[in-house]
Amino acid sequence: MKKTAYTGFLRARAHRRPQDRTPARTRLLLGTLVVALVTAVTPRAEAATGDGSPTDANISFTGRWDTSASTAYVPYWAGAYLTTGFTGRTARLNQRNTIDLYYSIDGGAWVYIQNVRGTVNLTPTPLAAGNHTLRVSYRVVAGSYHGDAVFQGLVLDPGATTYALAPPSKLIEFVGDSITVGTTTSKNALTAYGWLIGERLGARHTQIAQGGACLVATADGCVGLEARFPKLNPNAATPDWDFSRYQADAVVINLGTNDVGHGVSTITFQASYTHLLQEVRAAYPGAAIFALETFTRRYAAQTRAAVTARNSAGDAKVYYVPTEGWLTSANMSDNVHPNDSGHVVVADRLAPIISARL
């Protein structure tokens, strides 16, 4: 009908009789009105959902991702991941440059692939036709990604689409250093206690952690998470992270292991820890906040005092978690870092504490 009305108008203009005395200005206005009417009732093209592009609403990005470029999403911090469902028999990733990554299809074991780039085939053996799920996480080294962690979309079979998965209702954020990153474990972030706890409790989980990080930024270059916690990128002063993109239900802080080696005084540490707790509360007004005693017991008294200060200021949802006796030498890769079994022990101890407050 839209085409007929507009065509009729044009035909009338083409066969106008000589006695038609309608002024030219009026005829121009009428033509503009009809064109505007046809345009108004014609549906506008909408952004595709289900096409596997970074902007595809069916793909969920957990963690701090830079989404400022619509054709390439970049994760920061440790343990960021993406999830989606997809149809068809194959799935491929578009990666810009060389990267190491883990992926899991249909909840199966994690597959680790190294030095891949371009169109990366995740299904060298095609799947059975039907609905499938996909999860991808890039490998971290010392808090940064090992290679070029730039997600440029999925390539699916002709006619196949993505579909949205129901997200877990809770999200837990883990803030820390290389221990929280999972350094020295078999799969880094994926075998760290934060990831293990999130999976066990059926929650989304983030690891806002940097290998070698301190609580306090120091003159000799230790990255201080008191200053970096609000940032998108741990290694850049700007931009700030937009905390409205997700809200954590619980936050676990494990910091202080590295500050001793950088000369941070106990007075400075306690004041900085108190301030970090204030920052976390401002970011997540409803979260339960857990301050872990470091496994080496460094700055334990100051960590407890910071929690007490926040409780005295009226914040009752900040908790100190003693960790004495959790780990033995058999659970350690060295004098500082838990091994795979050590992270399981920490998860066994800590998961019930968090669960009770969710």
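The values are calculated or read from the model by the stated rules, or taken from the named source; none is laboratory data. Note that this is a predicted model, so its numbers are computed, not measured. Ideal geometry is used to build each Cβ from the backbone, glycine not excepted, and the neighbour counts take in all protein chains shown. We work out accessible area using only protein heavy atoms, side chains counted, and drop any ligands, DNA or RNA first. Shrake-Rupley method; radii C 1.70, N 1.55, O 1.52, S 1.80 Å.
Of the residues making up region 273-321, those that are open to solvent by 50 Å² or more (accessible area, probe 1.4 Å), of a type in the set (A, V, I, L, M) and more than 24 Å from Ser244 (Cα to Cα) are Ala301, Ala313. Against the test of being open to solvent by less than 10 Å² (accessible area, probe 1.4 Å) and touching an Asp or Glu at 6+ places or on another chain (Cβ under 6 Å), the options Thr162, Thr185 yield a single qualifying residue, Thr162. Look through region 322-341, keep the residues that are hydrophobic (A, V, I, L, M, F, W, C) and within 17 Å of Ile197 (Cα to Cα), and return whichever of them is least open to solvent (accessible area, probe 1.4 Å). Among those residues, the one meeting the criterion is Trp326.
Of the strands (runs of 3 or more DSSP E) lying entirely inside region 50-117, those carrying at least 2 residues that are at pLDDT 95 or above and within 22 Å of Tyr246 (Cα to Cα) are 60-69, 72-87. Looking only at residues in region 218-233 that are open to solvent by 40 Å² or more (accessible area, probe 1.4 Å) and of a type in the set (Gly, Ala, Ser), the one that is modelled with the lowest pLDDT is Gly221. Filtered by the rule that a residue be among the polar types (S, T, N, Q) and either at pLDDT 95 or above or in contact with a strand residue (DSSP E or B) (Cβ under 7 Å, 6 or more places away or on another chain) (or both), region 118-168 gives Thr119, Asn121, Thr123, Thr125, Asn131, Thr133, Ser137, Gln152, Thr161, Thr162. What do you reckon, is Gly182 without any contact (Cβ under 8 Å) to a residue 40 or more places away in the chain and either small (Gly, Ala, Ser) or closer than 30 Å to Val260 by Cα (or both)? Against the criterion (without any contact (Cβ under 8 Å) to a residue 40 or more places away in the chain and either small (Gly, Ala, Ser) or closer than 30 Å to Val260 by Cα (or both)), Gly182 does not qualify.
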